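See below for the structure under consideration.
The values are calculated or read from the model by the stated rules, or taken from the named source; none is laboratory data. In this text, all values refer to a predicted model and were calculated from it rather than measured experimentally. Note that each Cβ is placed from the backbone with ideal geometry, even for glycine, and that neighbours are counted across all protein chains shown.
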Amino acid sequence: MPHNGFVSLVGAGPGDIDHVTLGALKALQTAQALLYDALVSEDILSLAPQRCVKICVGKRGDRLSVSQDKTNALMVRLAQKGLQVVRLKGGDPSVFGRVEEERLYLEQHGIDHKTLPGVTAASAAAAQFSFPLTHRGEARSVTFLTGRTKDGAIDLRHESLNDPMASLVFYMSSHNAAHIESSLLKAGRSKQTPVVIIENAGRPEGQMRTGALDDLARLVDHAAFSGPVLLGVGSAFGYARQTLVQRQVLPVATRSGMR
Ligand SMILES: C[S@@+](CC[C@H](N)C(=O)[O-])C[C@H]1O[C@@H](n2cnc3c(N)ncnc32)[C@H](O)[C@@H]1O
């Protein structure tokens, strides 16, 4: 039986509605079924029509609400009914977003699909707290790493670990801060390497803590996080500034001492 169902795998950005792309907005406005992640905000969900079926398939850390297999099956079932399905993911679908698993499953079931990019949390954090991810002569690469792998282990053998010119951004890693700190020090990174810990990047409630690598685990331990968290390690993060409002009230001498 022919169907014209279609699945758009869409990046919602890190939470704030201002980060939704025009492409994502158009896909949301014409969605007939919406399968969304836990990190997608209410504001963004409200861009879809009221009559659109909205199902949360979100995952937060170990708390699985819907398994990946069920999400895959749901996408296919809704598309086979002839619906325009939006699979809405936090940030960018291609960054720790399991997008390839979903695309392969759709293809195995003969469902047409397209992917729309979104702003990844690291880019939103860099904009919100005014630091570069790469910086000429100082940070020549940026690596996105995860502290949560399929088998639960964190693999810190990447070649950029001991490169002082590499920026490292750790997703899903706050629970592994002590291991990250000791591994990077062991790999030869300086104790003074700047670090940032950013919660709720790109959202009005976004918060940043700054310090040096040998203090990373302590800084994370002393924070009580309620939102998603990124860790940044590398000299580029030394340029981080608190938000504009706070920066305006800082005396110039303090500002220049921030690096
Ligand atoms: C499954 S990954 C998804 C990443 C997403 N695809 C992206 O591009 O940002 C979830 C992790 O991304 C990070 N993350 C997502 N949104 C964030 C935000 N607004 N602020 C800080 N970290 C965020 C956190 O480390 C969180 O545990």
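Of the listed requirements (1) touching a helix residue (DSSP H, G or I) at 6+ places or on another chain (Cβ under 8 Å); (2) surrounded by 23 or more Cβ atoms within 10 Å (Cβ to Cβ); (3) farther than 22 Å from L28 by Cα; (4) small (G, A, S), S141 misses just one: (2). Of the residues examined, G110 is not one that is in the same structural domain as N176 (by TED's automatic domain parsing) and either at pLDDT below 95 or in a loop (DSSP other than H, G, I, E, B) (or both). Within 12 Å of the ligand (Cβ to nearest atom), under 19 Å from the mean Cα position of the chain (by Cα) and surrounded by fewer than 20 Cβ atoms within 10 Å (Cβ to Cβ), is that true of P228? Criteria not met by P228.
Would you confirm whether any residue within region 45-53 is at pLDDT below 95, farther than 20 Å from G206 by Cβ and among the aliphatic types (A, V, I, L, M)? Looking through region 45-53, none of the residues is at pLDDT below 95, farther than 20 Å from G206 by Cβ and among the aliphatic types (A, V, I, L, M).
The set of residues in region 1-52 being polar (S, T, N, Q), within 26 Å of Q108 (Cβ to Cβ) and not in a strand (DSSP E or B) consists of N4, T30, Q32. Whether any residue in region 92-110 is more than 16 Å from the ligand (Cβ to nearest atom) and buried (at least 18 other Cβ atoms within 10 Å of the Cβ) is what I want to check. Within region 92-110 (the criterion being more than 16 Å from the ligand (Cβ to nearest atom) and buried (at least 18 other Cβ atoms within 10 Å of the Cβ)), the answer is yes, since at least one residue qualifies. Of all residue pairs spaced 6 or more apart or on separate chains, those with beta-carbon atoms under 6 Å, a first member in region 172-183 that is at negative phi and in contact (Cβ under 8 Å) with a residue 24 or more places away in the chain and a second member that is more than 16 Å from the ligand (Cβ to nearest atom) and assigned to a helix (DSSP H, G or I) are A177/A217; A178/A217; E181/A217. When you check A166 against the structure, is it within 15 Å of the ligand (Cβ to nearest atom) and surrounded by 15 or more Cβ atoms within 10 Å (Cβ to Cβ), yes or no? Spelling it out, it is not the case that A166 is within 15 Å of the ligand (Cβ to nearest atom) and surrounded by 15 or more Cβ atoms within 10 Å (Cβ to Cβ). If you go through region 190-214 and keep only what is crowded, with 17+ Cβ neighbours inside 10 Å and out of contact with any helix residue (DSSP H, G or I) (no Cβ under 7 Å at 6 or more places or on another chain), you end up with E199, N200, R203, Q207, M208, T210. You will find that of K81, K89, K70, the residue that is at negative phi, away from the ligand (no atom under 11 Å from the Cβ) and touching a residue at least 60 places away in the same chain (Cβ under 8 Å) is K81 and no other. Screening D163, D155 for residues that are in contact with a strand residue (DSSP E or B) (Cβ under 8 Å, 6 or more places away or on another chain), of a type in the set (D, E, K, R), farther than 26 Å from H222 by Cβ and at pLDDT below 95 leaves exactly one candidate, D163. Considering region 195-207, the residues that are without any contact (Cβ under 8 Å) to a residue 60 or more places away in the chain and of a type outside the set (A, V, I, L, M, F, W, C) include one that is nearest to the ligand (Cβ to nearest atom), namely E199.
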